[in-house]
Structure formats: structure tokens, C-alpha cells
Amino acid sequence: MEPQGKIWMDGAFVDWADANVHVLTHSLHYGLAAFEGLRCYRGKSGSAIFRLHEHVDRLFESAHIAMMTIPYDKKQVAEAIVETVRINKLDACYIRPLVYIGYGAMGVYPGDNPIKLAVAAWKWGAYLGDDALANGMRARVSSFTRHHVNVSMTRGKISGYYVNSILAKREAKADGYDEAIMLDPEGYVSEGTGENIFIVRKGRIKTTPLTSILEGITRNSVIELAREQGIVVQEDRFTRDEMYIADEVFVTGTAAELTPVREIDNRRIGNGKPGPITAALQKAFFSVVRGEDAAHASWLTRI
Ligand code: PMP
């Protein structure tokens, strides 16, 4: 990644190259930090951040679950996010706020180490690639299990949880797939390494219930868009073979947006091309984020 622009750190903007932390930063050793990922899109009438307030709310929820008190209020964090986009003159970008435990005591117990906040933004294209976004990606069911709810509390977007995602992603990439789909400890489909998952069968949509997954903001948006189109959406658990025989499968996430899945475990999904419901929802999603759907203007914060 090339150094670019400025990063907001604890209340002030610093040059990208100077946005450093001490090597004994607590979060770096034990993985307890909370983060968000947001996107800002360029539309016909300017740029806007998608669901800024929901992302700020989730950052505070993650911090609460992790018992980290963010030393700013939600309004200040929202402003820091908007300012980071503005100062870097980015019209379309990905935005990464990170709450972490700073330098101080070492050992698992963080004592009263300072809680720090940083916000960075950079240009980021299609997370799983342009081809995957247009034509669908190939996924495998991971040999790694997703978190048990009493091991990792998945309602929080906590940095350390992503060790599990990295293991699964590396395994999938090494085997030539684009992404991994993880099962929960009971063997039901959970989520991707950074995406929620949906299946379509006989015109109805199913998506994983919230037990073992991150409560995705894109997931929530897509459920709403689907219901507005009169499509039935059930939040119900399902098995890997139910994915294989689905007519359509897609994943959602801020980075991944709405990416079709064309193949899972070497089995073609549907006819191997993005299906009609996936295509319609992808179209609806992109028209919302680009400010072309007046009905969802409240999901956008203008820059
Ligand atoms: N699950 C995981 C594990 C994720 O990392 C993400 C990305 N934040 C999602 C789901 C999707 O969440 P969202 O739509 O809010 O980006």
C-alpha cells in the first residue's frame, strides 16, 4: 500500500508515513481492538458515505462488548470519519476506523492503558475483484470452523477474531478459490471471512441467522431491499448441501459489496452465472449507494 494523505489519530491528522504506534501497543500483542469498514461512493450529485451512523453505532457496540471505552462520543467519531474523507479529497474510498488499547501495562490484563482511535481512508476497488463482482466468485467450505458464540462474541467486530478469517482465507486462496465459507460449530453455514451469505431457492431468500455471524450492515440493507421488491427473506440456518443445490448464492459486505457466488466446493451454483435475484439486488444496492434511489437517501451522508 502506497503512503497517501493523512490519517486521523487521537484527535489530530498526521501524515500517512508518521501514523505509527509503539511496538508494545497492547492490541498488537493480544488482538483486542475493534474496527469498522465503511465505503464512500461517488454519485451523480456528489460523494456520500453509506450508512455512516450504523457503522459508528456498531463500533461503539464492539467497544462495549470488548470493554473498551472510546474517549469520544458518537458525533465526534462520525465527524472524524467525514473529515478523513474530506481532508484526503477522496470522492470514493474505503474508510477504516480502529479502536485499540495503547502502550502501558503488558500482560493479558490491560489495566488502564489508554484507548486510542485512528481513522484511515484509501481508494479500494472491488474487494474480490471486478470479475467476481460481475460474473461471480468461486468459494470453498473451509476446514476452519467459525466462532462459537461463547468463545468469541460475534456481535463485535473485534480484530483478534480475524485470525480465524485469515486462516480460512489463506487456505482457500492456496487451493485456488476466491473465498472461504465457514460453518458454525454445529456444522451449519455461518459466513465468509469478511462477508455474510445468502442463498436463493425457488424465488425465496435464506440468510444465516445472527447467532454465529457479524451483524452485517450490507446484509441488513440487502434484506430490506429484497423485501421491498416483494421477495421473501428468511433468517434461518442452512447446510452446505443446501448451498450446493441453491439456484443462486451471493455474499454481502462493505468491502465485498454484493458479490455473486458461481461455484462452491467444485459444484456449479445454478447455471454458473449470477442469477436474476442476485442481479436485481446488486443493481438496487448500487443505485442506493450512488444516490440514485431517493427512497434510501437517509442511508447516505454527503461529504
Ligand atoms: N462478516 C464478517 C466476518 C465481516 O468481516 C464483514 C465485514 N465487515 C461482514 C460480515 C459484513 O459486514 P458489513 O456488511 O457491515 O460490512
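The values are calculated or read from the model by the stated rules, or taken from the named source; none is laboratory data. Since the structure is predicted, the reported quantities are computational estimates derived from the model, not experimental observations. With ideal geometry, Cβ positions are generated from the backbone for all residues, glycine too; neighbour counts draw on all protein chains shown.
Among the numbered conditions (1) more than 16 Å from the ligand (Cβ to nearest atom); (2) at pLDDT below 95; (3) not small (Gly, Ala, Ser), tell me where ARG86 comes up short.
ARG86 satisfies all of (1) more than 16 Å from the ligand (Cβ to nearest atom); (2) at pLDDT below 95; (3) not small (Gly, Ala, Ser) except (2).
Any residue in region 152-159 that is without any contact (Cβ under 8 Å) to a residue 60 or more places away in the chain and more than 9 Å from the ligand (Cβ to nearest atom)?
Step one: filter region 152-159 for residues without any contact (Cβ under 8 Å) to a residue 60 or more places away in the chain, giving 152.
Now narrow it down to the ones that are more than 9 Å from the ligand (Cβ to nearest atom): 152.
Checking region 152-159: at least one residue is without any contact (Cβ under 8 Å) to a residue 60 or more places away in the chain and more than 9 Å from the ligand (Cβ to nearest atom).
Every residue in region 174-212 that is within 16 Å of the ligand (Cβ to nearest atom) and part of a loop (DSSP other than H, G, I, E, B), please.
Once the filter is applied, which keeps residues that are within 16 Å of the ligand (Cβ to nearest atom) and part of a loop (DSSP other than H, G, I, E, B), region 174-212 yields ASP178, ASP184, PRO185, TYR188, THR193, GLY194, GLU195, THR208, PRO209, LEU210, THR211, SER212.
In region 224-237, is there at least one residue being assigned to a loop (DSSP other than H, G, I, E, B), on the phi > 0 side of the Ramachandran plot and not basic (Lys, Arg)? Can you show your working first?
Residues of region 224-237 assigned to a loop (DSSP other than H, G, I, E, B): 229-232, 236-237.
Subsequent filtering for residues that are on the phi > 0 side of the Ramachandran plot retains 230.
Going one step further and asking which of them are not basic (Lys, Arg), we end up with 230.
Yes, some residue in region 224-237 is assigned to a loop (DSSP other than H, G, I, E, B), on the phi > 0 side of the Ramachandran plot and not basic (Lys, Arg).
How many of the residues in region 213-231 are more than 10 Å from the ligand (Cβ to nearest atom) and under 20 Å from GLY37 (Cα atoms)?
Looking only at that region, the number is 1.
Residues are listed down the side, and each one gets a yes or a no for (1) assigned to a helix (DSSP H, G or I); (2) at pLDDT 95 or above; (3) away from the ligand (no atom under 16 Å from the Cβ); (4) surrounded by fewer than 20 Cβ atoms within 10 Å (Cβ to Cβ):
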position: ALA246; (1), (2), (3), (4): no, yes, yes, no
position: VAL251; (1), (2), (3), (4): no, yes, no, no
position: LEU281; (1), (2), (3), (4): yes, yes, no, no
position: HIS296; (1), (2), (3), (4): yes, yes, no, no
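Report whether or not TYR161 is at pLDDT below 95 and either within 21 Å of the chain's Cα centre (by Cα) or of a type outside the set (Phe, Trp, Tyr) (or both).
Details: at pLDDT below 95: no; either within 21 Å of the chain's Cα centre (by Cα) or of a type outside the set (Phe, Trp, Tyr) (or both): yes.
Criteria not met by TYR161.
Go through region 30-64 and give me each residue that's within 12 Å of the ligand (Cβ to nearest atom), of a type in the set (Gly, Ala, Ser) and not in a helix (DSSP H, G or I).
Correct list: ALA34, GLY37.
Could you check region 285-294 and list, in sequence order, the residues that are part of a helix (DSSP H, G or I), touching a residue at least 24 places away in the same chain (Cβ under 8 Å) and surrounded by fewer than 20 Cβ atoms within 10 Å (Cβ to Cβ)? So that I can check it myself, show each step before the final result.
Taking region 285-294 first, the residues part of a helix (DSSP H, G or I) are 285-289, 294.
From what's left, touching a residue at least 24 places away in the same chain (Cβ under 8 Å): 285-286, 288-289.
Once the filter is applied, which keeps residues that are part of a helix (DSSP H, G or I), touching a residue at least 24 places away in the same chain (Cβ under 8 Å) and surrounded by fewer than 20 Cβ atoms within 10 Å (Cβ to Cβ), region 285-294 yields only PHE286.
Would you check if there is a residue in region 13-29 being charged (D, E, K, R) and assigned to a helix (DSSP H, G or I)?
Within region 13-29, the subset charged (D, E, K, R) is 15, 18.
Restricting the remaining residues to those that are assigned to a helix (DSSP H, G or I) gives 18.
Checking region 13-29: at least one residue is charged (D, E, K, R) and assigned to a helix (DSSP H, G or I).
Looking for something under 22 Å from SER165 (Cα atoms) and not assigned by TED's automatic domain parsing to the domain that holds THR218 - is there at least one such residue anywhere in region 42-57? Working first, answer last.
Of all residues in region 42-57, those under 22 Å from SER165 (Cα atoms) come to 55.
Restricting the remaining residues to those that are not assigned by TED's automatic domain parsing to the domain that holds THR218 gives 55.
Scanning region 42-57 turns up at least one residue that is under 22 Å from SER165 (Cα atoms) and not assigned by TED's automatic domain parsing to the domain that holds THR218.
Here is a list of conditions, (1) surrounded by 14 or more Cβ atoms within 10 Å (Cβ to Cβ); (2) not hydroxyl-bearing (Ser, Thr, Tyr); (3) not assigned by TED's automatic domain parsing to the domain that holds ARG227, and ILE181 meets all of them except one; can you say which number that is?
For ILE181, the exception is condition (3).
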